[in-house]
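None of the figures in this text is laboratory data; all of them are computed from the coordinates on show. As the structure is a computational prediction, the values presented were derived from the model and not from experiment. Quick reminder, even Gly has a Cβ in these numbers, built from the backbone with ideal geometry, and neighbours come from all protein chains shown.
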Amino acid sequence: MQASMWTAYLVEQLPREAIKTFYDHGWRCVELGEEHAHDLLKEGDPLKVGAEFRKYINDLGVDIPQGHFFMLNKGCRPEDLEGRRLQDMSPAKDVELAASVDFMKRWIDLFNAIGIKAGVYHIGGFSLAKARWSKKRIFERRVRALQQVAEYAKGGPTQICLENMTRKGDGGTVAELKEFLFAVGSDCLAICLDTGHANIAGVDQAEFVQEAQSDLRALHVADNLGHGDDHMLPYGRGTVKWTPFMQALRKTSFKGSFNFEVPGEIRCPEPVLLHKLDYALELAKWMIDEDGA
């Protein structure tokens, strides 16, 4: 496993500047954050932009094996804020579903061109329960969206990795995520474990890893207090049991990156942010080498 950090840790910087900063601080592997993917997509054709960005990172010596697909329709720059909203991947209306799938196709093109192997995906449809849709109908809606996404992704390097959510009964467990994998029946689909989401849902991270086995292709590593998504680095005030998780991960065939997703750590002056970035790299390497023991 390679130590990795999600690029929106340096969200104030544009993509190439952020990658150079990560490189300067010793990181050779990162996850492309949603915010930076939005920045790249504003540059033009995703295949051309992705190929140019891939050359940039390759020349620099940074690997981006993992990326996060959209949750919002726009990025975070000042010019993006007007009309910025949730871009649900499984909305109620057919016309909105078609628009989300078309939007997703641009992201898949970008990720494929960059060479990203694992694209982290939220199943969406969380407003449907409030609209009194049955669980069966919500499941079918999500499957319908996933079928179209998987069909478009077929043959490319990017797998669609379903991220566990924060509630059991709504995408929070391996069994629930595997239901989607089975229903769609595509080799393009896999699983992402978010350790913080599992902690909120009351799901044991080590057991999640053991149950997911070869379907586990991506990680969002973060800690929290068990109530909200605090997105903290491990071994702080959080309550995730890191040693059993790391030992379970070691016993699997997991080949992805050991990726921190920690927006709870970035609300600080830039010098502190960069010192934390250096510490995070040493922490990730120690956890990988020592099983977090």
In terms of the alpha carbon gyration tensor, root eigenvalues a ≥ b ≥ c, rounded if a/c is under 1.5 and otherwise prolate when a/b exceeds b/c or oblate, the stretch 105-261 is oblate
For the stretch 125-178: rounded, prolate or oblate by the Cα gyration tensor [a/c cutoff 1.5]: oblate
Rounded, prolate or oblate, given the Cα gyration tensor of the stretch 19-76, with a/c below 1.5 counting as rounded? oblate
Per the helix-only calculation at 222 nm, which mean residue ellipticity applies to the chain, given -39500 (n - 2.57) for every DSSP H run of n ≥ 4 and division by its residues, nearest 500 deg cm²/dmol? -14000 deg cm²/dmol
Mind ordering 252-259, 25-32 by average Cβ neighbours within 10 Å, highest first? 25-32, 252-259
For the stretch 128-177 and the stretch 36-75, what is the separation of their C-alpha centers, rounded to whole Å? 24
Cα-Cα over 23 Å: which of 20/48; 136/178; 74/178; 74/168? 74/178; 74/168
Relative contact order in percent for the chain (Cα pairs under 8 Å, 6+ apart) equals 17
Report D for the stretch 211-257 in µm² per second (integer): Stokes-Einstein, Kirkwood Rh on Cα pairs, 10 °C, 1.306 mPa s. 135
Suppose the chain between residue 290 and residue 268 were pulled fully straight at 0.36 nm per residue; how much longer would it get relative to their current alpha carbon spacing? 5.0 nm
Remind me, relative contact order of the stretch 1-82 in percent, using alpha carbon pairs under 8 angstrom and six or more residues apart? 33
Label zone at residue 16 (point 7 Å along Cα-to-Cβ), backbone N below 20 Å, the stretch 96-115: 110-115
I'd like the projected area of the stretch 151-204, averaged over all directions, using the convex hull of its alpha carbons. Report it in nm² with one decimal. 3.8
Identify unpaired cysteines across the chain, taking unpaired to mean no other cysteine Cβ lies under 4.7 Å from the residue's Cβ. 29, 76, 188, 268
Mean Kyte-Doolittle of at least 0.0 and a Cα length of 20 Å or more along the axis: which whole DSSP H helices of the chain meet both? 94-114, 270-290
Restricted to Cα positions, what overall size does the chain have along the principal axes? Three whole-Å values, descending. 47, 43, 35
List the residues whose amide H sits under 5 Å from the amide H of residue 190, counting only those 5 or more places along or on another chain, with H placed 1.01 Å from N in the peptide plane. 160, 161, 162
Taking the Cα-to-Cβ direction at residue 207 and at residue 225 and moving 7 Å from each Cα, how far apart do the two end points lie in nm? 2.5
Mind listing the long-range amide H neighbours of residue 257? Cut-off is under 5 Å, sequence gap 5 or more, other chains count too, H placed in the peptide plane at 1.01 Å from N. 219
Want the number for residue 73 to residue 42: 0.36 nm per residue separation, take away the alpha-carbon distance, what's left? 10.0 nm
